[in-house]
Amino acid sequence: MSERKKVTLPMLFKKMADGEPITMLTCYDYPTAYFQEQAGIDMVLVGDSLGMTMLGYESTLPVTMDDMIRHAQAVRRGTPNAWLIGDMPYMSYQPSVETAIRNAGRFMAEAACDAIKLEGGAEMADRVAGIVASGIPTMGHLGLTPQSASALGGFRVQGRGALQAKKIIDDAKALEEAGAFAILLEMVPDRVCQIITERAEDCIIISLGSGPHAHGQLLIYHDMFGLYPRFKPRMAKVYADAGQVILNGLKQYVEEVTNHTFPQPENWFTMKDEEYEELVELLDKE
Ligand code: KIV
């Protein structure tokens, strides 16, 4: 295990103040969390994107709080030191402030998360304020917000027009004023992200496909390693094609079992001759 210190909010704000970029990735399971811990990722998001990447749904909407808690617990076991953020799934915060606080509390109490994230702008500011007032650090999410993909016209860049960009900038201010410690900007133009980052006083801005000016960067883990077969977003950089490596291994396994080259002696267990002979005698006596 790595010896690094537990990431805290003051450490993240210090990085922001020092102009040192913050690293953030999604993560949904124990082994991946273990590797992210070793790599020293600052912030780990258990995203409701797990509905698509891990559970095979067409969207994030069917994901439940119980799904999220189970995955967040596994991730926490793999990365004890990252700043762990639980993503509030669809309808876990939209109905009311009280619903939002109760579900945010589950991430903290049941999965030892450090913070939660929810989607939406000024219309969600009261949820953010309520959760923050309960002592739970809260991250906002603006731009392409997948839970509202239908209303937004699909998975597309948000804020290309001046009026829409102005709304995203106003929403970011509303979230910061409500107490959000951070805001994720997903798929907004780089210059809109730059304005929001320059105007943020006490709020860490993270970019997903929104350019280099934010305080930190986020990628979806499955996009980084070619592990999501349905599509590859343009903004994602593939650092290694692990999906192809896995597929090659699986094909080789099928071939080796079929042609009797797997297993080899190092892949099975044996018993001593005398035990085997005694066994044969026992069976003969039956
Ligand atoms: O669920 C998720 O992984 C997210 C990303 C799109 C950042 O919210």
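The values are calculated or read from the model by the stated rules, or taken from the named source; none is laboratory data. Being a predicted model, the structure only gives us computed values, none of them experimental. Virtual Cβ from ideal backbone geometry, glycine too; neighbours counted across all protein chains shown. Heavy atoms of the whole protein, side chains included, go into the accessibility calculation; ligands, DNA and RNA do not. Shrake-Rupley method; radii C 1.70, N 1.55, O 1.52, S 1.80 Å.
Here's the picture: charge each Lys and Arg Cβ at +1 and each Asp and Glu Cβ at -1 in region 73-135, and of Ile131, Gln73, Ala104 the one pushed furthest to the positive end of that dipole is Gln73.
When only the Cβ of Lys, Arg, Asp and Glu is charged (+1, +1, -1, -1), the dipole of region 83-178 relative to its Cα centre reaches about 300 debye. Near Cys193, once Lys and Arg are set to +1 and Asp and Glu to -1 for all other residues with Cβ below 15 Å from its Cβ, the sum equals 0.
Projecting the Cα atoms of Val280, Val245, Val257 onto the charge dipole of region 245-284 (Cβ charges, centred on the Cα centre) puts Val245 farthest toward the positive pole. Remark on Ile22: its backbone amide H falls under 5 Å from those of Gly216, Gln217, a criterion applied only to residues 5 or more positions apart or on other chains, H modelled at 1.01 Å from N. Per-residue 3J(HN,Hα) values for region 199-204, derived from phi via the Karplus relation 6.51 cos²θ - 1.76 cosθ + 1.60 with θ = phi - 60°, read 8, 5, 9, 10, 8, 7 Hz in sequence order (x marks Gly and Pro).
Note on the chain: GNM, Cα springs under 10 Å; of Leu218, Leu175, Leu61, the largest mean-square fluctuation is that of Leu61. Among Ile168, Ile206, Ile195, the largest mean-square fluctuation in a Gaussian network model of the chain (Cα springs under 10 Å) belongs to Ile195.
Working from label points 7 Å from Cα in the Cα-to-Cβ sense, the Ala242 to Thr258 distance is 2.7 nm. Please work out the C-alpha center-to-center distance from region 98-136 to region 171-185 and express it in whole Å. After rounding, the separation between the Cα centres reads 13 Å.
Considering only protein heavy atoms and a probe of 1.4 Å, how much of the accessible area of the chain is carbon and sulfur, as a whole percent? In the chain, the share of accessible area belonging to carbon and sulfur is 57 percent.
In this simple spin-label model, placing a label point 7 Å from the Cα along the Cα-to-Cβ direction at both Val157 and Glu277 gives a separation of 8.0 nm. Per-residue Karplus couplings for region 115-122, computed as 6.51 cos²θ - 1.76 cosθ + 1.60 with θ equal to phi - 60°, are listed in order as 6, 10, 10, 9, 9, x, x, 3 Hz, Gly and Pro entered as x. Accessible surface calculations at 1.4 Å, restricted to protein heavy atoms, place region 245-284 at 98 Å² per residue. Scalar couplings 3J(HN,Hα) for region 22-32, obtained by applying the Karplus form with A = 6.51, B = -1.76, C = 1.60 to θ = phi - 60°, are 9, 9, 8, 9, 7, 7, 10, 8, 5, x, 5 Hz; x denotes Gly and Pro.
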